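A short reminder: the numbers here are calculations on the coordinates, not readings from a lab. Source: prediction; values computed, not measured. So basically every Cβ, Gly included, is an ideal-geometry build from the backbone, and we count neighbours across all protein chains shown.
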Amino acid sequence: MNFDPRYSGRNFSSVGTRPIRPDGIDKVTGRARYGADFNMAGQLVGRVLRSPHAHALIKSIDTSKAEKLAGVKAVITAKDLPDLTDGDAAMYDILDNSMARKKALYDGHAVAAVAAIDARTARQALKLIEVDYEVLPHVTDVDEAAQHHAPLINDQVFTEGLEEKPAKPSNVTKRTQFGHGDVHKGFAQADFVIERSFKTEQTHQGYIEPHACVASVNPDGTADLWVCTQGHFVYRQHCAQLLGLEASKLRVTSSEIGGGFGGKTHVWAEPVALALSRKAGRPVKLVMTRDEVFRASGPTSATSIDVKIGAKKDGTITAAEATLRYSCGPYPGSWAEIGAMTAFACYKLENVKTVGYEVLVNRPKTAAYRAPSAPMAAFAVESVVDELAKELGMDAVEFRIKNAAQEGTRSSYGPVYGPIGIGPTLEAVKSHPHMKAPLKANQGRGMACGFWFNFGGQTCTDLNIGMDGTVSLAVGTVDVGGSRASLSLVAAEELGIDYSQVKAVVADTSSLGYNDMTDGSRGTFSSSMATISAARNAIKILKDRAAQMWDIPVEDVTWEKGHAIAKGEKYGNLSPLSLKDIAAASGKTGGPIAGHSELVADGAGVSFATHICDVEVDPETGSTRVIRYTVVQDAGKAVHPTYVEGQYQGGAAQGIGWALNEEYIYGKDGRLQNPGFLDYRIPVCSDLPMIDTQILEIPNPNHPYGVRGVGETSIVPPLAAIANAVSNAVGVRMTHIPMSPPRILAALDAEREG
Amino acid sequence: MVEVTLWGSLSAVAGGKAKHDIEAKDIRELFRKLAEQYPGIEPWIDRGIAVAIDGTIYRDTWSKELPPGAEIFLLPRLAGG
């Protein structure tokens, strides 16, 4: 990578301003095209038949009656998606999840699909498919699944990460461990030790737009996929591999996205739509219903976590330990591993140990959900931290400040930190007026900290300068949180032109080199780095063209504030040439002017947040209202502060829903009982207070502008902050998320009964 | 020569040792030498290992040099949302 990503400490003209969003008008007028808004001539309607059983052997599938129904153009089962994964276990799991091969592993697992001329015919056809199941015992609870006697979901799975290879298969797929020091010694030094167990229920990202795609496979082996995704290049790779297509012949175009939050980093229906189109010889549109989104896309883990923390009388934490069990759905994952890494990342600890267990259950395959796994670990740890502060008679913020990690601290997951923002977020919270505002009866205040890694990744960007001097920026990271605005600001900053001269678009997979998906809070971090690099490459060409126009050596040309300048007294009579001047002459100086960049954006800085929350709990009903909420978070550098504030608010809003209401509820039959927004209640505007934000800017040393990811960290503290607030309001430690009214009443009853 | 620390699970396939002294100029050479010494580590490299160099996490820049005396820490390559 011939690009220096180091922070330069420059002053900004465009970056840090708040222009209106480029996609705003399209979105409020309904012109924006989402996944389900795309149509192709002659397209068919795809529908999926799903298992009603949590765990069942598929003995046979008879599709003959469905195939004979007038209007049905294709019926597929797993036989139409042969295994081309060549020993790649992770890809095989994606294939099996797209269409069950031998067993249905959860309620909602796809077992067959049809393409028909209309939705009615497709639904009728599904009813004509006969599946002979042998129902097997199932397990949906993470703790029950980890028991030795639990029904086995995959008898080929033996727990990884144990000192001795186990003799028997298990639903526990992996054990991981992090930490340093000696926790036994540390606990022996403690004057106070708090130990508690916590549970969090499974939640869905709750994106408003269901998964949707249109697939068209042509007889010559070329194919198109129009899809709502967080990563169209990754979808192309996965779909091409699963269907045996050449990647370069599968063009994937990403639509606008009505929310993803990690749930659209994974293919679910797309391989099925492509397989249907290939068989039918016509385009197929496949849109999931909300019921299908809940039952058959990827929610986050349900968890069970034990935490133990010890401290001296002076408030120094001497040891911290956590055991984390995370559900993965029916396929192995690394969700507890992430929880184990993030659990104590906010603190400076001499003795720390975390152990994670990945657990298979008969639920949908777990997918990433915004800072995946970190919120649940933070809930458990920050609850105990709060309780320990009380036990010590210390202020909760002061206790955290005393133990906060800082530059040079060895993190709980291993490496030593560079410059980080946990201390500054805590200091900002300490002096925030919110902390001093009076509370009324039945109200409580809580605060909590959170950490997330942030990632970079492979990134490719094109910057094209039109002959009128306007700039089109083609990026390959899907805009999930305002990156088109922030990247336009970055291009304007680097070129020295006005924001209004730049138009950013998300290019399809045939128009740009490979990009990793928009996950890990990487969209603006990575693509801004590539945009800066592309702009600098374009400036080299602009300077060369100016030199031609002036007929002087290019070495005598500099670029300042959007203009080529001929440096030196001998060029005193030469007026600066603007980007527009140079672009207008480009046809006669060498043709189009463009800058390209392909790079791996690594070195994304970790980020921290501290949240404050006030709640009011009705002691008669157990109902909780959040009455005030404040987010303080380090952004590195806020490129477009309004979007950054929106990310902070969005994370808090999702966290409020997760903390108070959202929950997958399974019946004894292993079937999901609430697959819809009426029974799975996400917060609406009237449920939420104004969420105040405070942006801190501790520059990331590994980005030219100091940018860190901002999209995920904001969902890490809310579960804990709200749990601490509710616990303070009702005087009972809440240990089970969501803190729904029945759960709060049960906790109050249990307390009364002693 | 750099000292490399492996996270718990990875050290289990590297002779049970968390710390290793390796002669490697960059991440690519580090992975190659670890795999030569401990073949069991190869599937882990295929699945993805991130390398923290003085606290900065690198996931894909295998050409990244390992400065002498730097703290090198291997971590799982994680997913984000």
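Observations on the structure shown:
- Listed peptides A:364-372, A:43-51, A:116-124 by packing density, highest first (mean Cβ within 10 Å): A:364-372, A:43-51, A:116-124
- Look at where the Cα atoms of segment A:581-608 and of segment A:699-754 average out, and the two centres are 43 Å apart.
- In the protein assembly as shown, helices alone account for a calculated mean residue ellipticity at 222 nm of -8000 deg cm²/dmol, with every DSSP H run of four or more residues adding -39,500 (n - 2.57).
- Reachable aspartates and glutamates from A:Lys65, criterion Cα separation under 18 angstrom, eight or more residues apart if same chain: A:Asp80, A:Asp118, A:Glu130, A:Asp132
- Cα-Cα separations in segment A:215-255 greater than 17 Å, expressed as whole percent: 18
- Cβ neighbours within 10 Å from other chains - mean over A:451-457: 4
- The convex hull defined by the C-alpha atoms of segment A:1-151 has an orientation-averaged projected area of 18.1 nm².
- Across A:Lys402/B:Lys19; A:Lys543/A:Lys637; A:Lys543/A:Lys588; A:Lys308/A:Lys353; A:Lys264/A:Lys503, pairs whose alpha-carbon gap is larger than 21 Å: A:Lys402/B:Lys19; A:Lys543/A:Lys637; A:Lys264/A:Lys503
- Cβ-based charge dipole, segment A:1-49, positive-most Cα from A:Val15, A:Gly35, A:Asn2: A:Val15
- In chain A, a dipole from Cβ-located charges (positive for Lys and Arg, negative for Asp and Glu) runs towards its positive end, and of A:Ala74, A:Val157, A:Leu84 it is A:Ala74 whose Cα lies farthest in that direction.
- Mean-position separation - Cα centroids, segment A:278-355 and segment B:19-67, in angstrom: 26
- Label-to-label distance, nm, for residues given as A:Asp26 and A:Phe158 (7 Å Cα→Cβ offset): 5.3
- For segment B:2-76, the relative contact order works out to 39 percent when only alpha carbon pairs closer than 8 Å and six or more residues apart are counted.
- Cross-link reach list, aspartates and glutamates versus B:Lys33, counting only Cα pairs under 12 Å and skipping chain neighbours closer than eight places: B:Asp21, B:Glu23, B:Glu42
- Max-minus-min Cα coordinates of segment A:255-399 on each principal axis give 73, 29, 23 Å, with the largest extent listed first.
- In this structure, the residue pairs whose Cα-Cα separation is over 21 Å, taken from A:Lys348/A:Lys436; A:Lys127/A:Lys285; A:Lys313/A:Lys348; A:Lys165/A:Lys185; A:Lys174/B:Lys64, are A:Lys348/A:Lys436; A:Lys165/A:Lys185; A:Lys174/B:Lys64.
- Alpha carbon centroid spacing (whole Å) that separates segment A:448-478 from segment A:634-684: 26
- Overall, the anisotropy analysis places chain B in the rounded class: the square-rooted eigenvalues a ≥ b ≥ c of its C-alpha gyration tensor yield a/c less than 1.5.
- Using a simple spin-label model with pseudo-atoms 7 Å out from Cα toward Cβ, A:Ser60 and B:Arg28 lie 5.6 nm apart.
- Look at the dipole of the protein assembly as shown built from charges on Cβ: of A:Gly657, A:Val505, A:Cys460, the Cα furthest out on the positive end belongs to A:Val505.
- Rounded to the nearest 20, the Cβ-based charge dipole of segment B:2-76 about its Cα centre (Lys and Arg +1, Asp and Glu -1) stands at 160 debye.
- Averaging 1/r across all pairs of distinct Cα atoms in chain A and inverting the result yields a Kirkwood radius of 27.4 Å.
- Unit Cα scatterers, Debye sum, segment A:606-666: log10 I(q)/I(0) for q = 0.16, 0.27 Å⁻¹: -0.64, -1.19
- Ranked by how many other beta carbons lie within 10 Å on average, peptides A:707-719, A:395-407, A:683-695 from highest: A:707-719, A:395-407, A:683-695
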